[in-house]
Every structure is written in structure tokens, then in C-alpha cells.
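The values are calculated or read from the model by the stated rules, or taken from the named source; none is laboratory data. None of the values given here were measured: they were computed from a predicted structure. Methodologically, a virtual Cβ is constructed for each residue, glycine included, from the backbone with ideal geometry; neighbour enumeration extends over all protein chains shown. Quick note on the areas: whole protein, heavy atoms, side chains included, nothing else; ligands and nucleic acids left out. Shrake-Rupley method; radii C 1.70, N 1.55, O 1.52, S 1.80 Å.
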Amino acid sequence: MFSGPSEFDADEMGYAMSRLEIESELCDAGKDFCGVGSSSSGSHRSSEHSADLDHEISQVTKLKSCPHQRYSREVPGRHQLPVSTVRMLAGRESNFSGRGRFSAADCCHMLSRYLPVKGPWLVDQMNSRAYVSQFSTDGSLFIAGFQGSHIRIYNVEKGWKVQKDILAKSLRWTVYASMSPIVHIVDVGSGTTESHANVTEIHDGLDFSSDEDGGYSFGIFSVKFSTDGRELVAGSSDDSIYVYDLEANRVSLRTVAHTSDVNTVCFADESGNLILSGGDDNLCKVWDRRCFIDKPAGVLVGHLEGVTFIDSRGDGRYFISNGKDQTIKLWDIRKMSSSVPAKHEVQRNYEWDYRWMDYPTEARNLKHPLDQSVSTYKGHSVLRTLIRCYFSPLHSTGQKYIYTGSNDSSVYIYDLVSGDKVAVLKHHSSPVRDCNWHPHYPTLISSSWDGDLVKWEFPGSGEAPIMSKKRVRRRHFYY
């Protein structure tokens, strides 16, 4: 009988195991657990897979979202099928697992089947384009950014009441306007609802430029907090990556990272040592700060057009990227090259600009001859703007899905392992640049250029779910 360690178990051991270490042990110990194997083909199959996918990340994903063997062992010949919630509850009461409670994988098995596909319900409607939308770490707050220098923060636990209405300073959301190298910090926990930059509240400015830059010579395209909240990593229009030390209040690192705009950056794991970046040079790069010498630790080739967004699985190993070649790609950083291949640029016999042209028909089935990705997902549309993609939440789904906005006004949800298109959410009348899945509940928010902020949930009574009463660990947002 196999029982994998949960995060709680690791803490009880008296030492901290990284997610990578835990998952490696799970892979070694649970090779026959939950019937790991390739999924059967479906009518919505929309991906291209490496043979390695079924061997490793497939197994890890299933280990995180499959119930204990005993729950399914009672049904001969049906091991591959999902176990019903009723059987799971009955098994818990009968102590099938021998632990007297559900494991994290048991919980994910049940919750991951409840996709947020019902709705939508209108959360807010603005008269300008919505560009970003994100839940806080614990899901109690939600932030949305709009084109008219407007940012709103909603209190999810209090019926989506506007907790903070921010009028930003020096904020531009269009490719035609000059952008600023200044990132502003706003105190979300202050008592003032209306927050006008340096009028009703001080918005502390973090200057990423230097004297050599000659002032406002570049703009920030992407910025992310480190897990401990002490640093920011940013990608810019001057082809560079910046790391800002919030305690020292200065830029601690800057390197020219790509040969074109750096559209997206993020930390690969909780250590903060690994940084991932993607740019308009079609490349994804991995940077290791422990041996940082203005050269990436590795390069990953596969996209035929620029990279718009990167999301890390959080284990320091896997990440996904959205590309202007109309694909999401899954990457394993162990497959990276030490340098950019000499012939990584694929010659194309067509001209197009993703901001106002459709993707050429003749390019849709092209594949990079040096593609190092593990899997490719197709079906959505990445045009007009830097559309974002994500892994589904760890705690409720075991990250068994990936999801993305789309230029065709929809949200797409793919099965990570099979590549099937499991849901398409349609409501908006303009591109969906961003969307975000609640970290604990089957609730997803999509934001669109039509100005709508809408909520999707699992089919039920129509009532909003009762949200967690946990407090926010970090009460600051950036813009």
C-alpha cells in the first residue's frame, strides 16, 4: 500500500522538504499508483506531447490528484475511472486509508472535478479595457487593472465590495504610449478606499532606472514578487531583467537578457535563486543567481514567435509559456541548452504583426525543428495583447489543468496530461487578456477589453461560495 507524504507530513518531520524533493520521492515510490499512463484520445485533443510527458510529469500530476488506492480497489476493472464523492466520503468514514482523514491528493481528486464553468456573474463593469486580474495568495482579495490608470481591489469575503479604488500615477496600458520604469507600492490595508496617487495617499515609487538611462528611457512589461516578499523581478522594454531589493530600496541586479522586449518574468520556485524570462526573440531563458555572470543558465527553444507570458509550476523544474505562435508550451528546464543554438531562428515567408493581423493560415501547423518543449497546447488565440496563461491551483486541483485567456473573447481550460480541451468559457465581446482561478475554490474570474469582470463557478445553487477567513500574508500590491 502506498501513501505519499503531504505538505503537512513534511513539516512534522522537523525539516523542510522542497516540492521538488517530495515529488521525486513520490515518483520513485508510486510507479504503480493510480494507473499512471497516457489518456485516451478525445475529440477535443489539441496538443502535441513528448514521450517523456507520460513518464514523469504525468505521474506527478496524477499522484497529486488521485485518491488512495483503497478507494478505487473496491471496484474491479474500473481503476482508471474517477471515484465518486459519495464513495470517497464513505471510504473516509470507514478509514480506508488508515489515516482517518483525506490526504491532499484525495482532496484534489474531488475538487479538481468541479470546474468553474457555470455563469458568469458580473463582478464589475468599467468603461475601459481590463488588462490584469489576480487573486491574493489566500484568495480573500482580488485586484484588477484597467486602461484608464484605474486599479480596483475587491474584498472577496465581503461580497466583492471595493476595498481600494486606486487612481494610478504614470500608468500606461497601450503599446503606443511611453512607459515608465517606476513601480509603485500601494498599502491595501489602509483605511482609505479612494487612493489617488500622492493626493489622498502616498504611492511609494521604486525607480528601476539609473543615471546612465537618461531618465524615462524604458518601460516595465512584467513584475513579480518573490515568495518572501522581499524582492521584485521585472522585465523591460530595454531587453533587460531587473531585480529590486525592497529592504535596501534599490536595484540589486540588472542584466541584458534578450535581444528584444522582455515581456514576462517570474521566480521559478520559493528559493528565489532561479528566474525565468520570455521575450520577443521567441526564447525562454533560465537564470541562476547563484552563478550569475550576465549569462543565462540555459535557453529553451520552441516558440516560433514572441513569448507573452510565463507561469512556473513552483517546483523549480516545470513551467508553461504563452506564445504569439498561438500555442502554450510546457517546459522542463532540465532539457535546456547551455546557449542559444546558432540556427534557432526559423525563416518565414510571411509578414504579420500580432497587434492587428490574424495569424497566417500557413503558419498554424509549423513546428520549430529544434523544439525542446515537453508538450504543446493549441486552440486559443494570442493576438492584440500579451495574453496570460497559468497552471490551475495546487491545493484544489493538483495543477492538473492549464488555462488561458484568448483573443476570441473566451477562456480555455486544457488537461495538462492528455492535452484535451476540457472547457471553453464564453461571455465576453473582446479579448480576454487575463483570468485567475481562486486558490482554494472552484471560482474563476475573467477580465476583458470589454470592461467586464465576471465570475465563473462550479454548477450549484447559484450562491457565491463561502470564502476562507484566512488573513492576507502580504497587504501590498504593485503596479
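Rounded to the nearest 10 Å², what accessible area does Arg254 have for a 1.4 Å probe in the complete protein model?
Here the residue's solvent-accessible area equals roughly 110 Å².
Output the Cα-based Rg and Dmax of the stretch 83-168 in Å, rounding Rg to one decimal and Dmax to a whole number.
When restricted to Cα atoms, the stretch 83-168 yields Rg and Dmax of 19.3, 57 Å.
Would you pull out the residues with amide H under 5 Å of Gly298's amide H, same chain only if 5 or more places away, H placed 1.01 Å from N?
Here Val286 satisfy the definition.
Can you list the residues, at least 5 places off or on another chain, whose amide H is less than 5 Å from the amide H of Cys266, using H built in the peptide plane?
Leu276
Just how large is the dipole of the stretch 398-464 about the Cα centre, in debye to the nearest 20, putting +1 at every Lys and Arg Cβ and -1 at every Asp and Glu Cβ?
Value, rounded to 20: 120 debye.
Hey, rough spin-label estimate for Ser271 and Ser217, points 7 angstrom out along Cα→Cβ, what's it come to in nanometres?
Going from the Ser271 label point to the Ser217 one covers 3.5 nm.
Set the Förster radius R0 to 35 Å, insert the Cβ-Cβ distance between Thr137 and Lys161 as r into 1/(1 + (r/R0)^6), and round the FRET efficiency to 0.05.
With a Förster radius of 35 Å, E is 0.95.
FRET efficiency for Ser210 and Asn349, Cβ-Cβ distance as r, R0 = 45 Å, nearest 0.05?
Calculated transfer efficiency: 0.60.
For Ala363 and Ser190, what does the FRET efficiency come to when R0 = 41 Å and r is the distance between their Cβ atoms, rounded to the nearest 0.05? Intermediate results must be reported in sequence, preceding the final value.
Details: r = 49 Å, r/R0 = 1.21.
It comes out at approximately 0.25.
For Val186, what residues show an amide H to amide H distance below 5 Å, using hydrogens built from the backbone and excluding near sequence neighbours?
Residues meeting the criterion, in which the H sits 1.01 Å from N, are Phe477.
Which whole-Hz ³J(HN,Hα) couplings does the stretch 239-253 yield from phi under the Karplus relation 6.51 cos²θ - 1.76 cosθ + 1.60, θ = phi - 60°, glycine and proline marked x?
Working through the residues one at a time gives 6, 10, 10, 10, 10, 10, 8, 5, 6, 7, 6, 7, 6, 9, 7 Hz.
Once phi is turned into ³J(HN,Hα) by the Karplus curve 6.51 cos²θ - 1.76 cosθ + 1.60 with θ = phi - 60°, what whole-Hz value does each residue of the stretch 439-445 show in order, with x for glycine and proline?
For the stretch 439-445, the Karplus-derived couplings read x, 10, 10, x, 10, 10, 10 Hz, x marking Gly and Pro.
Calculate, in whole percent, how much of the Cα-Cα pair population of the stretch 268-339 lies beyond 20 Å.
I get 22 percent for the Cα pairs in the stretch 268-339 exceeding 20 Å.
Provide the per-residue ³J(HN,Hα) series for the stretch 416-426, in order, calculated from phi with Karplus coefficients 6.51, -1.76, 1.60 and θ = phi - 60°, each as a whole number of Hz, with x at glycine and proline positions.
Once rounded to whole Hz, the list reads 4, 7, 7, x, 5, 7, 8, 7, 10, 9, 10.
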